[in-house]
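Engineer: Submitted below is the structure of interest, expressed as C-alpha cells.
Every number here is computed from the coordinates shown, using simple stated rules; none is lab data. The model shown is predicted, which means the values in this text are computed figures rather than measured ones. Glycine gets a Cβ as well: all are built from the backbone with ideal geometry, and neighbour counts include every protein chain shown.
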Amino acid sequence: MNNSYIPYYEASVERSTWRSRESGLKTMRDRFKGVKLRDITVQDCESFKVWLLSSSGYSQAYCSLMYGMFRKTLDYAVMLQYVDENISKRTKVIAKGRSVVSFWTKEEFEKVLSVIFIKDFYENMCFVMIWLYYMTGIRVSEELALNWNDIDLEKKKLRVHHTLDMVNQNNFERKPYTKTEEGRRMVSLDDDTIKILRQWKQVQKELGVENFVISYTDLPLYRSTVQRIIERYAKIAKVHKIQGKGLRHSHVSYLINEFNADVLNVSKRLGHSSPEITLKHYAHFFFYLDCTFYNSGHINCLVC
C-alpha cells in the first residue's frame with residue numbers, strides 16, 4: 001500500500017479525489033497492518049465488511065465506497081503479480097443503499113432569503129450565492145469557480161466552463177473543465193437573477209472585489225463555507241438543513257413544478273451526458289408531477 005498502490009492512486013486521479021480518498025486508503029491499510037497479501041483470506045475480507053457496516057460509524061454509501069476501494073487495491077496487486085487472485089471478489093459488494101437528497105421547495109427557499117440581511121456585505125454575498133445555486137442548478141464547485149467574465153449580463157447567459165480545486169486560499173486552481181464534457185455549457189438567466197447580479201457586481205467593485213463572483217475578498221470560498229452558510233440560514237429560517245448539492249435538486253424541483261420543464265431541457269441545463277442520467281437522479285420529481293396532473297382531473301394515476 002505504501003510503496004505501490006497509494007503512490008499509484010495519488011498520481012492517477014484528480015487532486016480533489018485524492019484528498020477525499022486518502023483517509024479511507026490509510027484506514028484499510030492500517031486495518032490489515034502486518035498481514036501479508038498472500039495471507040489475506042475470504043474470512044478476512046468478510047470481517048472487514050462486517051466492521052465497516054457495524055463498527056466503523058460510516059454511512060452505508062461510504063461503506064460501499066470503502067469496500068469497493070479495497071477490492072481495487074487487490075486488483076492492482078494481481079496486476080503487479082503480487083498475488084494470483086483477488087480474494088475479495090469471492091465476497092459480495094456492499095450495496096450503496098437508498099440515497100435521498102433533501103431539497104428546498106420554493107416556499108422554503110423564500111423563507112431562507114427573507115432572513116438574510118443584504119445590507120451587510122458578507123450576508124449580501126450569502127444571498128447571491130444561495131440565489132444563484134437555486135436559480136441555475138450549477139454544481140457547488142462550478143459556482144465557486146465563477147469569474148465575472150463567465151457572465152454576460154446583456155445576453156443573460158452564464159458560462160460554466162470551470163471547476164474549483166482548492167486546498168486553501170493560497171493554493172487553488174480554476175480547472176478549465178467540468179465534471180463531464182457535457183458539463184461545459186451555457187445557462188440562461190432570468191431577469192431577477194440579472195438584476196441581483198448587476199447590483200452585486202457594483203457592490204463588490206466598490207470594495208475592490210472584481211474577479212470571483214462568490215467572494216468577499218476576491219479569493220474563492222472554501223466548499224465547507226458554502227455548507228456552513230446554508231446551515232446557518234436554514235436554522236434561522238426554521239427550515240430543514242440541506243447539502244450544497246441539495247440546491248441543485250431544489251432547482252430541478254423548481255423547474256418541473258413551476259415551469260413543467262421536460263427531462264431533455266433539464267438534462268441540458270444541468271450538464272448531464274444524457275436524459276437517462278437525469279432520470280436516474282430525478283425521476284421521482286417527474287413522477288410526482290405526472291401523478292399530480294392525472295389526479296387533478298377525471299383520470300387517476302394508475303400507479304398511485
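Engineer: Can you give the alpha-carbon Rg of the stretch 1-154 over 2.2 N^0.38 Å, where N counts its residues?
Structural biologist: Cα Rg divided by the expected 2.2 N^0.38 Å: 1.49.
Engineer: Restricting the calculation to Cα positions, tell me the Rg (one decimal) and the Dmax (whole number) of the stretch 1-43 in Å.
Structural biologist: 11.8, 34
Engineer: Right, next: Taking 0.36 nm per residue of sequence separation and subtracting the Cα-Cα distance, how much length would be gained by fully extending the chain between GLU231 and LYS33, in nm to one decimal?
Structural biologist: 67.4 nm
Engineer: What FRET efficiency do you get for GLU22 and ALA283 if R0 is 30 Å and r is their Cβ-Cβ distance, rounded to the nearest 0.05?
Structural biologist: 0.30
Engineer: Report the net charge of residues surrounding GLY208, where surrounding means a beta-carbon distance below 15 angstrom and charges are Lys +1, Arg +1, Asp -1, Glu -1.
Structural biologist: For residues surrounding GLY208, the net value is -1.
Engineer: Separate question: Which of the three applies to the stretch 102-147, rounded, prolate or oblate, going by the alpha-carbon gyration tensor with a ≥ b ≥ c and a/c under 1.5 meaning rounded?
Structural biologist: Oblate shape, in that a/c is at least 1.5 and b/c is the bigger or equal ratio.
Engineer: Magnitude of the Cβ-charge dipole of the chain, K/R +1 and D/E -1, about the Cα centre, nearest 20 debye?
Structural biologist: Here the chain has a charge dipole of around 700 debye.
Engineer: Per the helix-only calculation at 222 nm, which mean residue ellipticity applies to the chain, given -39500 (n - 2.57) for every DSSP H run of n ≥ 4 and division by its residues, nearest 500 deg cm²/dmol?
Structural biologist: Result for the chain: -17500 deg cm²/dmol, rounded to the nearest 500.
Engineer: Pairs of Cα atoms under 8 Å, at least six residues apart: use those to get the relative contact order of the stretch 39-134, whole percent.
Structural biologist: That works out to 25 percent.
Engineer: What distance in nm lies between label points placed 7 Å from Cα along the C-beta direction at ASP192 and ASP152?
Structural biologist: So the label points at ASP192 and ASP152 sit 2.5 nm apart.
Engineer: Distance in nm between label sites at GLU10 and LYS92, each 7 Å beyond Cα in the beta-carbon direction?
Structural biologist: Calculated label separation equals 3.7 nm.
Engineer: Within 13 Å, Cβ to Cβ, of GLY246, how many net charges do the neighbouring residues add up to if Lys/Arg are +1 and Asp/Glu are -1?
Structural biologist: +2
Engineer: Determine one quarter of the surface area of the Cα convex hull of the stretch 5-90, which equals its mean projected area, and express it in nm² to one decimal.
Structural biologist: 5.7
Engineer: In what sequence, highest mean first, do 62-73, 103-114 appear when ranked by Cβ atoms within 10 angstrom?
Structural biologist: Taking the mean over residues of other Cβ atoms within 10 Å, the ranking is 62-73, 103-114.
Engineer: Considering Cα pairs under 8 angstrom that are at least six residues apart, work out the relative contact order of the chain and quote it in whole percent.
Structural biologist: Relative contact order here is 17 percent.
Engineer: Continuing with the same structure: By the scheme Lys and Arg +1, Asp and Glu -1, what is the net charge of all other residues having a beta-carbon under 11 Å from that of TYR67?
Structural biologist: +4
Engineer: What does the convex hull of the Cα atoms of the stretch 106-293 come to per residue, in Å³, rounded to a whole number?
Structural biologist: 118
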